[in-house]
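What follows is a single structure, and I will ask about it in a moment.
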Amino acid sequence: DIKEIEAMKDLFKEDMPCFSSTKSLTGHSLGGTGVQEAIYSILMMNNNFISKSANVENLDPEVEGLPIVLETKKDCDFNTLLSNSFGFGGTNASLVFKKFDNNEKNVFVDKESFLENEFEGKKGIIFGVANDHSCAWGIAEGLLEKGADLCVTYQNDLLKKRVEKLCSSKNVKHILKCDVSKSDEITTLYDKIKKEWGNIDFIVHSVAYSDKKELSGEYVDTSKENFINTLLVSCYSFTEIAQKFSDIINKNGSLLTLSYFGSQKVIPNYNVMGVAKAALETSVKYLAVDLGEKKIRVNGISLGPMRTLSGAAIKDARYIYSWSEKNSPLGKSVSFEDLSGSSSYLLSNQSSGVTGEIHYVDAGYNVIGMIKPPEKA
């Protein structure tokens, strides 16, 4: 391929490696996706030979001057090989093969370090940090460890010192007040972020509120005032943030919000918050469609019960925690590490094909229809 040759010349200049074409040796049909060539490349490395180029009798004049292998070379000692015909439909990718001896470190990384540098150079906003047990802070810590540059927001002046202390321990320099129930504060935050950073890569919305007095008893007793305020803070704020910030979110950027299973099934005392979370999850779907045109992804995490300050506001919270832990398939409570890992995935390019989804991080509790009957004595 002349274009490939021109690219190789431009890349390697005076340090041209030798070239060999293996695809036609066993038939083009086997090499159509590059699988045959990849296998043949490994065979050459393991057996120390370089294959004769196929169809050398019909070389294009354009390839003159290139170090093309005209005859099979044996007893060759080389440890790096590039195969550039792995792909489909005319779209190729290059595979680089490197030989390691038994004393060298394995080239593969484990799952703990897979996303280690995924967020280097990425900027994002975390809405909803209140203390070190906030879900928002659990997400923030994971992103900071992976190299992200964060702006952390807090709701009011009562939380300012506590949040500033948390952020200083992680060297977070951008700490701003934002009550998401107030449009002017969202606008002020937007202006500051745009001036400081220009563009951002992601937003995490971890904000919810309802009057504690109405997180007990019956939903039918919900007041009009608390219904409106709960939906405003817990649901509409996500839409307003997306509306305001979408023009400065980079292509392939991401928005993430947090929900709970009470959006789908009745949880005792969750009441109007369940209604708000149901609306929030539906908002995720509509926002995903609207912002998809800008290549911005929108997803939610439905998180299992966690021992947070906001969670404790729900009556019988301890019972809900223990019930979920006892009856989930994994038999465990969800940890901040669980939340952090899934959040990093949904905010990173590793989930580039995922949008409009509610991802359950609840030890599998959402799949349970009925618990097992007790064993007979």
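Every read-out reported here was derived from the displayed coordinates using simple, explicitly stated rules and does not represent laboratory data. Keep in mind it's a predicted model, so treat the numbers as computed, not measured. Because the Cβ atoms are built from the backbone with ideal geometry, glycine has one as well, and the counts that use them run over all protein chains shown.
Under the definition of Cα pairs under 8 Å and six or more residues apart, what whole-number percent is the relative contact order of the stretch 123-365? It would help to have the intermediate numbers written out before the result.
On the way: 453 pairs, mean separation 48.7, N = 243.
Relative CO of the stretch 123-365 lands at 20 percent.
While we're on this one: Efficiency by 1/(1 + (r/R0)^6): what FRET value for ILE42 and LYS251, r their Cβ-Cβ distance, R0 = 41 Å, to the nearest 0.05?
Numbers: r = 36 Å, r/R0 = 0.89.
With a Förster radius of 41 Å, E is 0.65.
Around LYS332, what is the net charge, scoring Lys/Arg as +1 and Asp/Glu as -1 over all other residues with Cβ under 12 Å from its Cβ?
Details: positive: LYS326; negative: GLU325, GLU337, ASP338, ASP362.
After counting each charged neighbour, the total is -3.
Describe numerically, in nm with one decimal, the distance between label points set 7 Å from Cα along Cα→Cβ at LYS212 and at THR187.
Going by the 7 Å Cα→Cβ label model, 3.4 nm.
Something else: Would you mind ranking VAL204, VAL284, VAL354 by Cβ crowding within 10 Å, fewest neighbours first? It would help to have the intermediate numbers written out before the result.
On the way: VAL204 27, VAL284 22, VAL354 15.
Final ranking by Cβ density, sparse to dense: VAL354, VAL284, VAL204.
Kindly put PHE202, PHE12 in sequence by how many other C-beta atoms sit within 10 Å of each C-beta, fewest to most. Walk me through the numbers on the way to the answer.
Working: PHE202 26, PHE12 11.
So the residues, fewest neighbours to most, are PHE12, PHE202.
Using 0.36 nm per residue, how much length does the chain from GLU240 to ASN156 gain when fully extended, once their Cα-Cα distance is taken away? Walk me through the intermediate numbers first.
Values: separation 84, 0.36 × 84 = 30.24 nm, distance 1.88 nm.
Answer, rounded to one decimal: 28.4 nm.
Taking the simple approach of a point 7 Å from Cα along Cα-to-Cβ for both LYS295 and HIS133, what is their distance in nm?
A separation of 4.3 nm, rounded to one decimal place.
Are any of the pairs LYS13/LYS74; LYS122/LYS182; LYS173/LYS285; LYS332/LYS372 more than 21 Å apart by Cα-Cα distance, and if so, which? If you can, show how the numbers build up before the last one.
Details: LYS13/LYS74 26 Å; LYS122/LYS182 27 Å; LYS173/LYS285 33 Å; LYS332/LYS372 16 Å.
Correct reply: LYS13/LYS74; LYS122/LYS182; LYS173/LYS285.
Quick one: net charge around LEU347, please, counting Lys, Arg +1 and Asp, Glu -1 for every other residue with C-beta under 14 Å from its C-beta. Walk me through the numbers before you get to the answer.
Values: positive: LYS122, LYS123, LYS146, ARG297; negative: GLU118, GLU120, GLU141, GLU145, ASP149, ASP201, GLU357.
Local net charge: -3.
Could you go through the stretch 117-130 in sequence order and give the Karplus-derived ³J(HN,Hα) for each residue, using 6.51 cos²θ - 1.76 cosθ + 1.60 with θ = phi - 60°, rounded to whole Hz, and x for Gly and Pro?
These are the phi-based 3J(HN,Hα) values: 10, 4, 9, 4, x, 8, 10, x, 10, 10, 8, x, 6, 10 Hz.
Let me ask something additional. Have a look at HIS359, ASN299, TYR345 and report the one farthest towards the positive end of the charge dipole of the stretch 254-377, computed about the Cα centre with Cβ charges (Lys/Arg +1, Asp/Glu -1).
Going by the charge dipole, the pick is HIS359.
Net charge around LEU231, counting only other residues with Cβ within less than 15 Å of its Cβ (Lys, Arg = +1; Asp, Glu = -1)?
Details: positive: LYS224, LYS277; negative: ASP211, GLU214, GLU225, GLU240, GLU281.
Cβ neighbours under 15 Å give a net charge of -3.
Restrict the search to the stretch 206-270; then list the trypsin sites (Lys or Arg not before Pro) that DSSP places in a loop and that have at most 15 other Cβ atoms within 10 Å of their Cβ.
Numbers: sites: LYS212, LYS213, LYS224, LYS244, LYS251, LYS265; in loops: LYS265.
Passing sites in the stretch 206-270 are LYS265.
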